Each structure stands twice: as C-alpha cells, then as structure tokens.
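Single-structure report; data block below.
The values are calculated or read from the model by the stated rules, or taken from the named source; none is laboratory data. The model shown is predicted, which means the values in this text are computed figures rather than measured ones. No Cβ is skipped: glycine too gets one built from the backbone with ideal geometry, and neighbour counts run over all protein chains shown.
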Amino acid sequence: MSPSKIMLIGATLSLASCASKPPVPNEQLAVSKAAIEQAQRAQANEYAPVELRQAQDKLSQAQAAVQREDYDLAKRLAEQAEVDARHAETKSNSTKARNAVAEINESIQALREELERRGERK
C-alpha cells in the first residue's frame, strides 16, 4: 500500500471518529446550573435539601463526564440535574406556601377566639 493511501485512510478514519462524537452539552450544563441557582433562591437548601443535593451531585458528575469526554453521559446527568433542581424548587415553594397557609389559619383562629371572648364580655 502506498504512503498516500495510508495517509488517506488515516485521515478518513480521523474525520469519521470526529464526526461521530457527540457535542459537549454546554447548553444543558448551563441550564442545569441556572436551575440549581433558582432552586437555591427559592430556599431549597432549607425546604428541599435532599433534592437540591441530588441536583448538585448530578451536575458535578456531568462536569466530570465532560472532562472524560463522555458527552452522552454528561448530557443525561445534566438533564437529570435540571429535573432534580426544578423538583427541589417546586417542593420548596410548596412547603413555603403550606407554611403560609398554616400561619393564616392560626391567625384566623386567634381572631375567632378573640371575637368569642369579646362576645362573652357583653
């Protein structure tokens, strides 16, 4: 085999391996990071710490997969991190809303009791 054929085959194989490699999931990593930040702003560290930690761990694993050039795994982990972060945010917001409702109900009950006491005085 001539050297030019060997070079052509090598170049073709090199191009083929580059073409089949999935892209670095930079966009998904950024979306996941933003979702985690949003969950933190929603106080998920207080109201949904397990879910937030799962999101953070999966994002770290995704970043490690990028370093290993395992872009398919990195994308899947980043997507999972986003879902976990959104779950943490939703759980946090839900818990805060339930707490607010409980406080309102307590205030209503206190007002009712006060009205009953005033009614008894008359």
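A few comments on the model shown:
- Selection within segment 32-43 - crowded, with 16+ Cβ neighbours inside 10 Å and within 12 Å of the chain's Cα centre (by Cα): S32, K33, A35, I36, A39, Q40
- Qualifying residue in segment 102-114 (condition: assigned to a helix (DSSP H, G or I), over 12 Å from the mean Cα position of the chain (by Cα), surrounded by 15 or more Cβ atoms within 10 Å (Cβ to Cβ) and of a type in the set (D, E, K, R)): no
- Complete set of residues in segment 1-47 that are polar (S, T, N, Q) and modelled with pLDDT of 95 or more: N26, Q28, S32, Q38, Q40, Q43, N45
- Segment 50-70 - residue that is surrounded by fewer than 20 Cβ atoms within 10 Å (Cβ to Cβ) and charged (D, E, K, R) and, of those, nearest to A88 (Cα to Cα): R53
- Being of a type outside the set (A, V, I, L, M) and modelled with pLDDT of 95 or more is true of S92.
- V83 fulfils the conditions (1) within 8 Å of the chain's Cα centre (by Cα); (2) surrounded by 18 or more Cβ atoms within 10 Å (Cβ to Cβ) except for a single criterion, (2).
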